[in-house]
Amino acid sequence: MIFMAIAFIVMLIIGVPIVFSLGIAGAIGLWALDLSLISVPTRLFTGMDNFILLAAPFYVFAGEIMNRGGITARLIRLAGLVTRGVPGGTAYANVSSSVFFAGISGAAVADTAALGQVFIKGMPEEGYDKNYAAAVTIASSIIGPIIPPSVIMIIYAAVTRISVIDLFVAGVIPGLLLAGAMWLVIWFQARGGKLPRSRIDIKKGEVGLLIRDGLLVLGLPGVIVGGTLSGVFTATEAGGIAVLYALIISWFVFKSLDLQQLWEALCCSARITATVYLIIAAATVVSYVLTIGGIAMWVQNFALLFSDNPTLFMMALAGMLLIIGTFLEPGAAIVLIVPMLLPVTMSMNIDPMQLAMVIILTLTLGLITPPVGVCLFVACRIAESPVSHVMKAVLPFLVVEFAVVIMLVLIPELSSFLPKLFR
């Protein structure tokens, strides 16, 4: 396993894509354990051979359709309707747009790319520092994988066999807590007129239309969650329904989608889905090597140190995951880590929904921190700013977001209340 770890770290440092770093490291691990390399293709296939994962391309495609169908602009103006004229109003609207957008895309990178084109370029025109504009966009982007639907939650469900809909429902409160924490930071920074007032221009005649459009857009997560909770369709079937809903809204209601945009959405969804599947497959190989190598025993011995204090164990776990998340993509980290953690946490009577939310949120924080922070680099590219400058502006938001993780550790009901309520 040492050879595998060294190979993986070296490949990451020299810039080898994460998929190939995981796959090659897994093959090296098998070779070091004197096991047949025929296990590599077998495990690659096994990693993707899961019915639950069929939901992922549907949700990605639905998000791409609505994003290209002019939905992003409508969500931003809907958010601006509430925050216009307030000091820091556009910063509030940025976070609010991420909350709305989370119900469509389910991915942090999509949030950063779509909203960043508007806010990172538009906020400096109102007097905001461009690094601050990028920081707000990055920090709020991680709401995307928390509020349903969520591709990361689908991966988690595939690994653990936990109900996808339970995970979706469990993410609502943590997602809103994240938004509230960021609003609090903006309020603190806006005191005394330190942040400019919003200049989003919305005429009186537009208000009713904006609210109607907003309700139609936000109906997408409502259809997904409501339909699965009522038993009308499964979470995977809900993905297909979401695509149909997105097509109807974008093509027939808003009339803002054409065949060219639909083809682009299909191609982009295929690339994203292929990337996700390849990462899961490669991570499965590494997970197999770790299991054969006895890492599970090490995890159990580590957990024994906290056998009388599950809360302290969760605190330590959150700290470790925060470090792991800075180097590993969340989906890959879930495939690697969660199978080893589940037996330990079950023996400690830790609520599975609490564990899921802490793991997903903490790993997602890695998307906004170097060295592998994809959202951070996307925003820096849009802002044309150095990573160090943007990261400095992100820090206050990162602190309160980790505070939300601590709240989830200390108060399990924040994660488990809604799933229990709807069972």
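Select from segment 325-339 the residues that are part of a helix (DSSP H, G or I) and either acidic (Asp, Glu) or crowded, with 19+ Cβ neighbours inside 10 Å (or both) and list them in ascending order. Give the derivation first.
Of the residues in segment 325-339, the ones part of a helix (DSSP H, G or I) are 325, 330-339.
Scanning segment 325-339 gives Gly325, Pro330, Gly331, Ala332, Ala333, Ile334, Val335, Leu336, Ile337, Val338.
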Some residue of segment 150-158 being closer than 24 Å to Thr228 by Cα, over 14 Å from the mean Cα position of the chain (by Cα) and modelled with pLDDT under 90: yes
Search result, residues across segment 190-206 that are surrounded by fewer than 18 Cβ atoms within 10 Å (Cβ to Cβ) and at pLDDT 75 or above: Arg191, Lys194, Pro196, Arg197
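Is it the case that segment 56-73 has a residue that's more than 30 Å from Ile165 (Cα to Cα) and either touching a residue at least 60 places away in the same chain (Cβ under 8 Å) or of a type outside the set (Asp, Glu) (or both)?
No, segment 56-73 contains no residue that is more than 30 Å from Ile165 (Cα to Cα) and either touching a residue at least 60 places away in the same chain (Cβ under 8 Å) or of a type outside the set (Asp, Glu) (or both).
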Entirely in segment 58-140, the helices (runs of 4 or more DSSP H) that have 2 or more residues that are within 15 Å of the chain's Cα centre (by Cα) and assigned by TED's automatic domain parsing to the domain that holds Phe252: 89-102, 108-122
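Please verify whether Ala281 is modelled with pLDDT of 80 or more and either among the aromatic types (Phe, Trp, Tyr) or surrounded by 14 or more Cβ atoms within 10 Å (Cβ to Cβ) (or both), treating the condition exactly as stated. Steps first, please.
Numbers: modelled with pLDDT of 80 or more: yes; either among the aromatic types (Phe, Trp, Tyr) or surrounded by 14 or more Cβ atoms within 10 Å (Cβ to Cβ) (or both): yes.
Yes, satisfied.
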Residues located in segment 401-417, provided they are crowded, with 19+ Cβ neighbours inside 10 Å and over 17 Å from Thr326 (Cα atoms): Val404, Leu408, Val409, Pro412, Leu414, Ser415, Ser416
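Within segment 226-242, which residues are closer than 15 Å to Ala62 by Cα and surrounded by fewer than 21 Cβ atoms within 10 Å (Cβ to Cβ)? Show your work before the answer.
Residues of segment 226-242 that are closer than 15 Å to Ala62 by Cα, as a first pass: 235-242.
Those that are closer than 15 Å to Ala62 by Cα and surrounded by fewer than 21 Cβ atoms within 10 Å (Cβ to Cβ): Thr236, Glu237, Gly240, Ile241.
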Residue in segment 300-308 that is among the hydroxyl-bearing types (Ser, Thr, Tyr) and assigned to a helix (DSSP H, G or I) present: no
Scope segment 270-302; condition within 13 Å of Met340 (Cα to Cα) and either touching a Phe, Trp or Tyr at 6+ places or on another chain (Cβ under 6 Å) or aromatic (Phe, Trp, Tyr) (or both); matching residues: Tyr288, Trp298, Phe302
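Let's see how each residue does on (1) of a type in the set (A, V, I, L, M); (2) closer than 30 Å to Glu237 by Cα; (3) in contact with a helix residue (DSSP H, G or I) (Cβ under 8 Å, 6 or more places away or on another chain); (4) free of Cβ contacts under 8 Å to residues at least 12 places away in the same chain:
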position	(1), (2), (3), (4)
Ile104	yes, yes, yes, no
Gly127	no, no, no, no
Ile146	yes, yes, yes, no
Val151	yes, yes, yes, no
Val172	yes, yes, yes, no
Leu176	yes, yes, yes, no
Ala181	yes, no, yes, no
Glu206	no, no, yes, no
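The values are calculated or read from the model by the stated rules, or taken from the named source; none is laboratory data. This structure is a prediction, so every number in the text was calculated from the model and none was measured. Using ideal geometry, Cβ is built from the backbone for each residue, glycine included, and neighbour counts are taken over all protein chains shown.
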